[in-house]
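These notes are about the structure you will find just below.
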Number of protein chains: 2
Amino acid sequence: MTKIIKISKRGELAPDSPIRKLTRFAEEAKKEGIKIYHLNIGQPDLKVPSRIRTEIRKVSNIDYLPYTNSQGTKETLLSYSKYFHDIKVNYSPKEILITFGASEALIFAIAAICDPEDEIIAFEPFYANYLGFANLVSAKIIPVQLDAQENFHLPSQNKIVGKITDRTKAILFTNPNNPTGTVFRKYELQTILDIAKKYRLFIISDETYHGVSFKTKAISFMHLAKDLEQQQIIIIDSLSKRYNVCGARIGAIASKNLEIMSAVNRFAQERLSVGFIDQKIVTLELQNSLGDVKKITKIYQARRDAFLKTLEGELNIKTLYPEGAFYAMIKLPIKDSDEFAKWLLTNFRYKNETVMVAPGSGFYASPGKGKDEIRIAYVLGEEELKKAAKLLAIAVKQYNNSQHLRESK
Amino acid sequence: MTKIIKISKRGELAPDSPIRKLTRFAEEAKKEGIKIYHLNIGQPDLKVPSRIRTEIRKVSNIDYLPYTNSQGTKETLLSYSKYFHDIKVNYSPKEILITFGASEALIFAIAAICDPEDEIIAFEPFYANYLGFANLVSAKIIPVQLDAQENFHLPSQNKIVGKITDRTKAILFTNPNNPTGTVFRKYELQTILDIAKKYRLFIISDETYHGVSFKTKAISFMHLAKDLEQQQIIIIDSLSKRYNVCGARIGAIASKNLEIMSAVNRFAQERLSVGFIDQKIVTLELQNSLGDVKKITKIYQARRDAFLKTLEGELNIKTLYPEGAFYAMIKLPIKDSDEFAKWLLTNFRYKNETVMVAPGSGFYASPGKGKDEIRIAYVLGEEELKKAAKLLAIAVKQYNNSQHLRESK
């Protein structure tokens, strides 16, 4: 192709998703008849809750498919407010806006806070798409490294404060964390809150996995913040993971800060509205959901144990046991997980099966980081996960042998 | 509220939608029991096509609600490709990406082309939300004025070229046009194409209303562009208007430019996917839709005539008859349509009814423009539209009298 006109720098720099960039290799393997265990993407394999199925049946009687209010339907906003109330986070409907998943909520939050070149501090490894959201609106993610030796808990306050510049506008925090599954403690949230207060920063708190924690209960920033502090906090939420409705594309942004919510409402007016059907079908579930979240949390804990114990046994390694969400960032005895993850799909087959993982590097902004790590999502049944762990162990050994052979040539 | 931390400039500057900013006044009037004729928003009142209703019934049997491919499901992409083929626009599925309505398609297009402060030329009055999309990603809309005296057709080539600077990256073009309903002629598209070629600009062609034209058939830029020229063209589409499915939030961006589509696919990976159910239910309709579009076009033409003839008779004025879409930009004998549009909702009542319109100023980037214009969408039945036109005429007279009284005090 002759390059006629240059596209934007932001277009050139938009990162590939480490979770999705290998999809075409997976599709090719499937065409060959290979079975793939998908550990790459945080998409629950669990069925949608029965209340949502009932609502889908009801919605099939509609004659019209209209836009809704840009902020969200009254019913969905009331239900979200009820959900927040149930988890002891006090947001009225007018302090909430319904978004196309947490993705749009994060784009709106960053855009409302940052002008081009402004900076947001985030703790790496972080959810890979944060880089893309910031890039889309020309803001920058400044990484503070979490240490696997510390079970990915917060470093000293100095290490965080050292990254603050004149352009720093916010701290982006994920609890329970994706990709590490870390559940941050109350004193860690207090540290972040103290820094935000002192340096006048917003806190963008991604609480998509709230409720999915195994031993230590994850708390919300809204449980800690008092009065005016609450205006520095923007909560990001999504229904995708807690209720197995990834394809419904419903999330929310909430804040007590009227200026932020005014800006976000104007951004939302521009894109008219979130899906009518998707909002309809989640409304009832949101009002009655805490029981469902408890159920799935037990399932994920058992899956975590099934997968990690099998992998530890097969590879004779020790792994970290995540405290929440349904991810694990696993250090493997390999040199280049980008190459390894691709090789799994293009070369490795064991009894006509292979496994798909997300390479670690995409979860870091710092170059060279994550090369010996993969992120897995335990979103298969326990027996399937045990098989996938065995397969992964066989692959690691075979990959290292074949690499050894290649290098000794 | 104490202002703790400043939000972004882009957040402060995000424009209010002229179509939606008066919604709360409308809601208050409804609470009083006032019936409102909604001419403010381009949301068809027509029922969803029967094929879509059938698909909604089918989808109610699903057990899972997964993410789809970021680019769109294979079926939806194939159907969109078939639709483009039917209108003689040649795009294969890999040259298309499914978006959350035309809104997201426009944001992606602007982001892929523009870095902050880059400029896009657009012809005003234009679809108001273009200003918001550009603001979200810190690009600028540079207006070229269309003249009502010329029935909102293109000005001389010099007037357009005069706006081109070092930062100009694209021309944004809407055909059939919203808010004016203008259907641009082949020679006008050729003018734009010649300028784009000479000055190496992209053309973002919003063809949301393609097919909805009354006498002169609207053509696509893809019908004119040859070979390499096609790589300068980005087509924006939406299903909302042609198939009465505004609430389904399905649109598309298509281009032969591999770099643009690569950037857009990476932007799309970040937000994971468009709604699963919405994609499912539109797929069949897309494959068989041209007949439906013909039917609704006839309906809109009759509605245009019903509304405008009534209004002309009642006010003794002459209006322009739009050639496509379902909008009219109407010059009224009033001084301030922003105030007038609000007054309609807050003060004017005739037999317990009023009418809601979009004030003209929001469709212009140039300050002071559009003050004596309103945009109406003829999305009610003919009899309702006649009533709404009569109501509007009564309101104009009453408003001018009351203003006269206020001014003479």
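The values are calculated or read from the model by the stated rules, or taken from the named source; none is laboratory data. No experiment lies behind these values; they were computed from the predicted model shown. Methodologically, a virtual Cβ is constructed for each residue, glycine included, from the backbone with ideal geometry; neighbour enumeration extends over all protein chains shown. To get the accessible areas, we keep the full protein, side chains included, count just its heavy atoms, and leave off ligands, DNA and RNA. Shrake-Rupley method; radii C 1.70, N 1.55, O 1.52, S 1.80 Å.
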If you scan the range A:357-387, which residues turn out to be of a type in the set (A, V, I, L, M, F, W, C) and either farther than 20 Å from residue A:320 by Cα or part of a helix (DSSP H, G or I) (or both)? A:363, A:365, A:385
The residue that is farthest from residue B:283 (Cα to Cα), considering only those in the range B:33-44 that are more than 8 Å from chain A (Cβ to nearest Cβ) and at pLDDT below 90, is B:42
Regarding the range B:327-336, can at least one residue be identified that is crowded, with 24+ Cβ neighbours inside 10 Å and of a type in the set (Lys, Arg)? no
Quick count over the range B:179-238, residues being of a type in the set (Gly, Ala, Ser), closer than 24 Å to residue B:151 by Cα and open to solvent by less than 10 Å² (accessible area, probe 1.4 Å), is 5
Being assigned to a helix (DSSP H, G or I), more than 22 Å from the chain's Cα centre (by Cα) and under 26 Å from residue A:28 (Cα atoms) narrows A:345, A:284, A:311 down to just A:345
Is it fair to say residue A:72 is on the phi > 0 side of the Ramachandran plot and under 23 Å from the mean Cα position of the chain (by Cα)? yes
Applying the selection to the range B:111-138, what residues are free of Cβ contacts under 8 Å to residues at least 40 places away in the same chain and open to solvent by 10 Å² or more (accessible area, probe 1.4 Å)? B:115, B:116
Would you point out the residue of the range B:161-178, among those that are free of Cβ contacts under 8 Å to residues at least 40 places away in the same chain and of a type outside the set (A, V, I, L, M), that is surrounded by the most Cβ atoms within 10 Å (Cβ to Cβ)? B:162
Please indicate, with yes or no, whether at least one residue in the range B:64-71 is without any contact (Cβ under 8 Å) to a residue 12 or more places away in the chain and facing chain A (nearest Cβ under 9 Å). yes
Could you figure out which of (1) open to solvent by less than 40 Å² (accessible area, probe 1.4 Å); (2) farther than 19 Å from residue B:180 by Cβ; (3) in a helix (DSSP H, G or I); (4) not hydroxyl-bearing (Ser, Thr, Tyr) isn't true of residue B:299? (1)
Qualifying residue in the range A:197-216 (condition: without any contact (Cβ under 8 Å) to a residue 40 or more places away in the chain, away from chain B (no Cβ under 14 Å) and hydrophobic (A, V, I, L, M, F, W, C)): no
Does residue B:346 count as modelled with pLDDT of 95 or more, open to solvent by 10 Å² or more (accessible area, probe 1.4 Å) and touching a helix residue (DSSP H, G or I) at 6+ places or on another chain (Cβ under 8 Å)? yes
Matching residues, the range B:217-239, being at the interface with chain A (Cβ under 8 Å from one of its Cβ atoms) and part of a loop (DSSP other than H, G, I, E, B): none
Please specify each residue of the range B:1-32 satisfying the condition of being open to solvent by less than 50 Å² (accessible area, probe 1.4 Å) and either more than 30 Å from residue A:119 (Cα to Cα) or more than 11 Å from every other protein chain (Cβ to nearest Cβ) (or both). B:18, B:19, B:20, B:22, B:23, B:25, B:26, B:29
Across the range B:150-160, what is the total count of residues that are surrounded by fewer than 22 Cβ atoms within 10 Å (Cβ to Cβ) and within 22 Å of residue B:131 (Cα to Cα)? 5
Going through the range B:245-265 in order, the residues found to be facing chain A (nearest Cβ under 7 Å) and buried (at least 24 other Cβ atoms within 10 Å of the Cβ) are B:245, B:246, B:247, B:248, B:249, B:260
Find the strands (runs of 3 or more DSSP E) located wholly in the range A:56-158 whose residues include 2 or more that are farther than 24 Å from residue A:257 by Cβ, and list them. A:140-145
Which of the residues that make up the range B:33-48 are of a type in the set (A, V, I, L, M) and surrounded by fewer than 22 Cβ atoms within 10 Å (Cβ to Cβ)? B:34, B:36, B:41, B:46
Given the residues A:301, A:279, A:232, which is the only one that is modelled with pLDDT of 95 or more, under 20 Å from the mean Cα position of the chain (by Cα) and of a type outside the set (Val, Ile, Thr)? A:301
Go through (1) touching a residue at least 60 places away in the same chain (Cβ under 8 Å); (2) more than 10 Å from every other protein chain (Cβ to nearest Cβ); (3) of a type outside the set (Ser, Thr, Tyr) for residue A:56 and report which single condition fails. (2)
Among the candidates A:94, A:88, residue that is open to solvent by 20 Å² or more (accessible area, probe 1.4 Å), farther than 20 Å from residue A:179 by Cβ, touching a residue at least 60 places away in the same chain (Cβ under 8 Å) and more than 14 Å from chain B (Cβ to nearest Cβ): A:88
